[in-house]
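Taken together, the values in this text are just the output of simple stated rules run on the coordinates, not laboratory data. Quick caveat: nothing in here was measured; it's all calculated off a predicted structure. When we count neighbours, we look across all protein chains shown, and the Cβ atoms used for this are built from the backbone with ideal geometry, even at glycine.
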Amino acid sequence: MLYDRMNRSIGYLRLSITQACQLRCIYCRPALHQNHTDGMLTPAEFGQIAHHFILHHGVQKIRITGGDPTARGDLPEIIGTIATGHSDIDLAMSTNGLALGRLAATCKASGLKRVNISMDTLDESTFERLSGRRGVGQVIAGIDAAIAANLAPVKLNMVVMRGINDGQLASMVDFAAQRNITLRFIELMPMGPLAPNWHQHYAPAASIRRSLEPLTLSWRPLEQGAESSRNFRVVLRDGREVSLGFITPMSCNFCGNCNRLRISCTGDIFPCLMNRPRGTLLPALRPKYDPLRFDALLAEALAAKEAEHPHDGFAVMTSIGG
Ligand code: SAM
């Protein structure tokens, strides 16, 4: 196991495989953010990183993220190199869902276990306002393809923004209940183009839950485990049940239990989501894999892992993938 200087064990690796994304979400991606394709890690290098963490440090949970992972044409190959020989690990992916209609079955066949799909609205004009393009139908097709491919449990992540999509909580809950999938509400973080107006749009989990009360009869807390989300099995007033969760980076941060380490698509090491990278793994990967160097670079980065994330972020989400 790997430990940081606060003695938190690192059991969860997040690999951002690209900065490219089909969307330009106002809370995420700076308008002028460029995609850097120079020096991007290859599928073999991602495989090497994953194998190192699994074999040398007992990591059992890996998430592929971005940008949007589906923006990389070699995604199935990346999944395959990570999964090969490690069918027991929890290999998950975060995506906007736009390309899953086409890719879900291939990703599953390559070794992906499950997906989280970001979806903030079912309303096409809100989707366009938030992301710069239309796409609700395509994301729904992606969600249904993920369910059909058994990339389970399929989870939806909705960033809730006051005055933008907070009127659409009921339709999102209904959608999740219809498909029997989990819906998690994420508190808006002050990152990306919406950061200057963050206070205006921030909705804490407590207020989101209050808005949901008229729809619900009961909330049964589910075991939290190592998840960053607090989950509930909820009985709706119409008798249906649904699993809902809250991810609360702002109102109740979970840094004390942080078990994550993030690697960017160019090999930068981000010990904290909202802070600057603390080194790069490249010298341990090129010209060839050097496990001792790898561990020295990791130790240096982990020594700089903060006790808590700062409240105004340095990082660009599209570089490190949430
Ligand atoms: N493109 C993939 C996706 O859509 O899931 C992976 C990367 S995206 C940066 C990861 C997650 O971060 C998404 O659920 C997104 O909604 C969330 N996110 C981005 N900016 C955020 C912000 N300012 N506050 C809260 N969540 C944010």
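Under 5 Å between amide hydrogens, built in the peptide plane, is the criterion, and for Leu156 it picks out Ile117, Thr182, Leu183, Arg184 among residues at least 5 positions away or on other chains. Taking amide H positions as modeled 1.01 Å from N, with prolines and chain starts lacking one, the residues under 5 Å from Tyr12 and 5 or more places away or on another chain are Leu261. The Rg/Rh ratio of the chain, with Rg taken over Cα atoms and Rh as the Kirkwood radius over Cα pairs, comes to 0.95. Computed from the C-beta positions of Asp90 and Val136 and an R0 of 22 Å, the FRET efficiency is 0.15 to the nearest 0.05.
Using C-alpha pairs below 8 Å separated by at least 6 residues, the relative contact order for the chain is 21 percent. For Ala195 and Gln60, the difference between the fully extended length at 0.36 nm per residue and the C-alpha to C-alpha distance is 45.2 nm. Between helix 43-57 and the chain there is an angle of about 90 degrees, using the helix long axis and the longest principal axis of the Cα atoms. Compared with the alpha-carbon gap, the fully stretched path from Leu217 to Lys288 is longer by 19.7 nm at 0.36 nm per residue.
Note on Arg179 and Arg129: the extension gain reaches 15.4 nm, defined as 0.36 nm multiplied by sequence separation minus the Cα-Cα distance.
The Cys residues in the chain with no partner Cys Cβ within less than 4.7 Å of their Cβ are Cys21, Cys107, Cys252, Cys255, Cys258, Cys265, Cys272.
Relative contact order for segment 182-248: what is it in percent, counting Cα pairs under 8 Å that are at least 6 residues apart?
Values: 100 pairs, mean separation 25.2, N = 67.
Here the relative contact order equals 38 percent.
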